[in-house]
Amino acid sequence: MQTYFIQGLFFEENLGIGLRTEPGEGMVAVIRSGMESQMFAGALWDDPTNALGGWVGQTQDKYGGADITKVFIGPEHLEFMKQYQRSGGLPISYRFRKQGQIWVGEYKNARMEGKAVCILTEVPETIFLLPEL
């Protein structure tokens with residue numbers, strides 16, 4: 001079974017309302033906006049016996065665990081679908097192109113879209129075995 005660890009960042013717009021102290025005025029309401037990066041990490045593995053066939057995986061980020069399906073890993077192209085386990089939300093499509101050692105791309109579904117980057121690290125099967133100390 002071939003396995004990769006995947007680590008990356010997705011970028012999302014952060015909008016919010018906050019308070020700030022202004023000299024002579026006291027507390028004032030402010031609108032804050034900016035781009036934030038959110039880290040994700042997980043594993044992708046080739047499992048031809050899986051009911052979905054081929055590559056599958058799981059990732060974890062600040063929103064929770066997600067199942068990874070419809071994985072395609074090519075020399076210059078990476079794609080997958082991400083579905084969070086805790087919610088009935090829409091699957092999120094990720095598409096990347098390789099630029100040097102980094103995969104650069106985007107994510108999107110009907111409700112959101114943004115940029116993402118990641119790296120894949122091939123790992124030996126033995127990493128999943130209980131080590132002898």
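Please treat every number below as a calculation from the coordinates, not as lab data. All values reported here derive from a predicted model rather than from experimental measurement. Note: ideal-geometry Cβ built from the backbone for every residue, glycine included; neighbour counts use all protein chains shown.
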Applying the selection to the range 1-52, what residues are among the acidic types (D, E) and out of contact with any strand residue (DSSP E or B) (no Cβ under 7 Å at 6 or more places or on another chain)?
E25
Tell me which of these D47 doesn't satisfy, since it passes every other one: (1) in contact (Cβ under 8 Å) with a residue 24 or more places away in the chain; (2) under 20 Å from the mean Cα position of the chain (by Cα); (3) surrounded by 11 or more Cβ atoms within 10 Å (Cβ to Cβ).
(2)
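Considering only residues that are in contact with a strand residue (DSSP E or B) (Cβ under 7 Å, 6 or more places away or on another chain) and either of a type in the set (D, E) or surrounded by 15 or more Cβ atoms within 10 Å (Cβ to Cβ) (or both), which ones fall in the range 92-103? So that I can check it myself, show each step before the final result.
Residues of the range 92-103 that are in contact with a strand residue (DSSP E or B) (Cβ under 7 Å, 6 or more places away or on another chain), as a first pass: 92-97, 101-103.
Once the filter is applied, which keeps residues that are in contact with a strand residue (DSSP E or B) (Cβ under 7 Å, 6 or more places away or on another chain) and either of a type in the set (D, E) or surrounded by 15 or more Cβ atoms within 10 Å (Cβ to Cβ) (or both), the range 92-103 yields I92, S93, Y94, R95, F96, W103.
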(1) more than 11 Å from the chain's Cα centre (by Cα); (2) in contact (Cβ under 8 Å) with a residue 40 or more places away in the chain: which one isn't true of Y107, the others all being true?
(1)
Note on the range 53-65: residues crowded, with 16+ Cβ neighbours inside 10 Å, of a type outside the set (S, T, N, Q) and closer than 17 Å to T3 by Cβ are W55, V56, G57
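Where in the range 53-128 are there strands (runs of 3 or more DSSP E), lying fully within it, with 3 or more residues that are among the polar types (S, T, N, Q)? Give the steps one after another, and end with the answer.
Details: elements: 55-61, 64-73, 77-84, 92-99, 102-108, 113-123.
Here the list reads 55-61.
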Within the range 4-42, residues being touching a residue at least 60 places away in the same chain (Cβ under 8 Å) and either among the aliphatic types (A, V, I, L, M) or exposed (fewer than 14 other Cβ atoms within 10 Å of the Cβ) (or both) number 3
Taking A66, is it within 22 Å of E13 (Cβ to Cβ) and of a type in the set (A, V, I, L, M, F, W, C)?
yes
